[in-house]
Amino acid sequence: MDEKEVNFLPKPKMPKVGCFRAICDLIPARLVLYFLSWSGFLVSFVMRNDINFALVAMVQDPSSNATGTDHCNTMPTLEEGDDYNYTMSMANGTTTVLLDGLASIDDIKFDWDSTVQAVIKSSFYWCYVLSQVVGGVATQYFGTKNVFGWSQFLTAACSLLIPHAADLHYGAVILLRSVQGFASGLTWPAMYAIVGYWIPPVERSRFMSSFQGFSIGIGLTYPLCGFIIAHFGWRQVFYTTGTIGMVWCVFWYLLAYNTPQEHPRITPEELEYIELNVSEDIKNGQGMRVPWRRIFTSMPVWAIGLTTFGRIWVHYTFIMSGPEYMQKIFCFDIQQNGLLSGAPFLCSYLSSVLFCYVADLLMDHKTLTLTNVRKLFTALSQIVPGVLVLLVGYLGYQIVTVLILWFVAVTFITASYAGAMANIVDIAPNLAGPVLAFAQTIHMTASFLQPLVTGFMVTDSQNINQWLHVFGVSSVVAISTYLIYQVFGTAEIQSWNYPVPDPEVTSSDDSAVIANQPMIKVEPGLKFDDDDDDDDD
């Protein structure tokens, strides 16, 4: 074809960029991923904690029924001629109380004792602990988009089924909560994995704050549940949280992608920026076999796991036992209970950002070494709440003082994210995912042990002396586990972090799981140099 013929060919038309696409291009794909992560953890924790509050309305207090000594006197006084005062016993062990303005099915009270309630609360975390390592393996083979998305979908589906399961038997509720726990346990390793591909190192501290969406989730759950129960009944709590989870899944599947290269709407400029700043970091960690034996025998890793066990214990004392304590001891109505139980967690998101900022300042000004910074903020997250939770028990019915201490204790717990939780990346930046999975397997056992211990201790939920024992145990656990971190904690990078042959790690000790990263497909013809010195990237 000669030059003249070429000149007569029609020129290709450039696609017109619509107004909507132009606006979308102004929003970085990394920012979208940030809000998907933030909202994902928020929704996950809403579905995780809804039953902690709903049980207050679902269960008839056996102690008040048997003795008639309910000091809160929560049952309303009905005038003569009211048509709503009606009680009946049902074959499945429930008691139905019909009150003005509520349908009978929304007022079913289940005759579940403290042990059954404790098992229901803790059942979520049995499989949650077991699924941590599974989450890392699944993400390796299926990618964050599938693992995180399907785990949220399954959790939401179980939430929608809980009201029907409760009518059948409390065992059905325990089964659904166990399934929810296994699914939710996949989310943390999955989201940790995607960070390496998407977020340059200089932005990772800011991106990790998206994980704190769970604090907002906890804080919103209780007032939301209180409002729904007061106006619509406890069943609507699970229908609402399950629906929110389903809607979130739609946005996740439309907007989330495992790598920037897969994203159809990312701008060339942003893609180039990510590839230039992330590729080297990924190359250093990609292909590593995880030295599980070295991780399992590392005292700094055990120090992180054990000290965080104490933090989780005292944290879940407030999360799980708080709503019941405020109703049975302080006699708050359902909406007051929701607001006061949730308010400290709403503020804990801001406090976590503040603690991380102060920690960075201490490092920037070289006021303290990194190890001492981690120990300082770990102490703030466990010693302070450990002392305050004990005072809460001793102060008894001094409501204003107790609420102030309660608020301060929950706020200080978040200092751990500038302490032991951040320490995971310090000691093993290339293996943060596997180390996180192992540490969470240790410390999340507190999430099901705490409600079980509380259930055995508190047989009469209006006996303040029994609650004092609960708070005393929480104090001892939080403070004693910190001492382990004080002795063995360090911020020095461990020798097994580096992707080099180690004679102490044999092939039988290694896992085929690649650290931190989901599997990516290698295009035909693409080669990787074995010698890093010859790599021009």
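For region 391-504, what are the per-bin percents of Cα-Cα distances with bins 10 Å wide, up to the bin holding the maximum?
11, 32, 30, 17, 8, 3, 0
What list of ³J(HN,Hα) values in whole Hz, one per residue of region 326-335 in order, does the Karplus curve 6.51 cos²θ - 1.76 cosθ + 1.60 (θ = phi - 60°) give from phi, with Gly and Pro shown as x?
With the stated coefficients, region 326-335 comes to 5, 6, 7, 9, 8, 6, 6, 6, 5, 6 Hz.
Would you mind checking which residues have amide H under 5 Å from Phe110's amide H? H placed 1.01 Å from N; only 5 or more apart, or other chain.
Val59, Gln60, Thr95
Mind putting a number on the dipole of region 291-497 about its Cα centre? Charges go on the C-beta only, +1 for Lys and Arg and -1 for Asp and Glu, and I need it in Debye to the nearest 20. It would help to have the intermediate numbers written out before the result.
Details: 7 positive and 7 negative charges, 80 e Å.
Here the size comes out at about 380 debye.
Given R₀ = 60 Å, FRET efficiency for Glu275-His231 by Cβ-Cβ distance, to 0.05? Show your work: numbers first, answer last.
Numbers: r = 52 Å, r/R0 = 0.86.
Computed FRET efficiency for Glu275 and His231 comes out at 0.70.
Expressed in nm to one decimal, what extension gain is obtained for the pair Asn463 and Leu255 from 0.36 nm per residue of sequence separation less their Cα-Cα distance? Display every interim value, and only then the final one.
Numbers: separation 208, 0.36 × 208 = 74.88 nm, distance 5.05 nm.
Stretched fully, the Asn463-Leu255 segment lengthens by 69.8 nm.
So with the 1.4 Å probe, I'd like the accessible area per residue for region 291-497, rounded to whole Å². Spell out each step's value before the answer.
Values: 7460 Å² over 207 residues.
I get 36 Å² per residue for region 291-497.
Compute the Rg/Rh shape ratio of region 100-189: radius of gyration over Kirkwood radius, all on alpha-carbon atoms. Could you put the intermediate results ahead of the total?
Working: Rg = 15.7 Å, Rh = 14.3 Å.
Rounded to two decimals, Rg over Rh is 1.10.
For region 291-497, which whole percent of the accessible surface, found with a 1.4 angstrom probe, sits on carbon and sulfur atoms?
On the way: 5270 of 7460 Å².
Carbon and sulfur together cover 71 percent of it.
Please turn the phi angles of region 142-158 into ³J(HN,Hα) values with the Karplus equation 6.51 cos²θ - 1.76 cosθ + 1.60 (θ = phi - 60°), one per residue in order, whole Hz, x for glycine and proline.
With the stated coefficients, region 142-158 comes to 10, x, 4, 4, 6, 5, 5, x, 5, 5, 5, 4, 5, 4, 5, 4, 5 Hz.
By how many nm would the segment from Leu175 to Leu130 grow when fully extended, if each residue of separation counts as 0.36 nm and the alpha-carbon distance is taken off? Kindly include the intermediate steps, with their values, before the conclusion.
Details: separation 45, 0.36 × 45 = 16.20 nm, distance 1.52 nm.
Net length gain for the segment: 14.7 nm.
Using the Kirkwood radius over Cα pairs, work out the Stokes-Einstein diffusion coefficient for region 291-497 at 37 °C and 0.692 mPa s, in µm²/s as a whole number.
On the way: Rh = 17.6 Å.
Result for D is 187 µm²/s.
The values are calculated or read from the model by the stated rules, or taken from the named source; none is laboratory data. Because the structure is predicted, anything quoted here is derived from the model rather than measured. Glycine also receives a Cβ, built like all others from the backbone with ideal geometry; neighbour counts cover every protein chain displayed. These area figures cover heavy atoms from the full protein model, side chains too; ligands, DNA and RNA do not enter into them. Shrake-Rupley method; radii C 1.70, N 1.55, O 1.52, S 1.80 Å.
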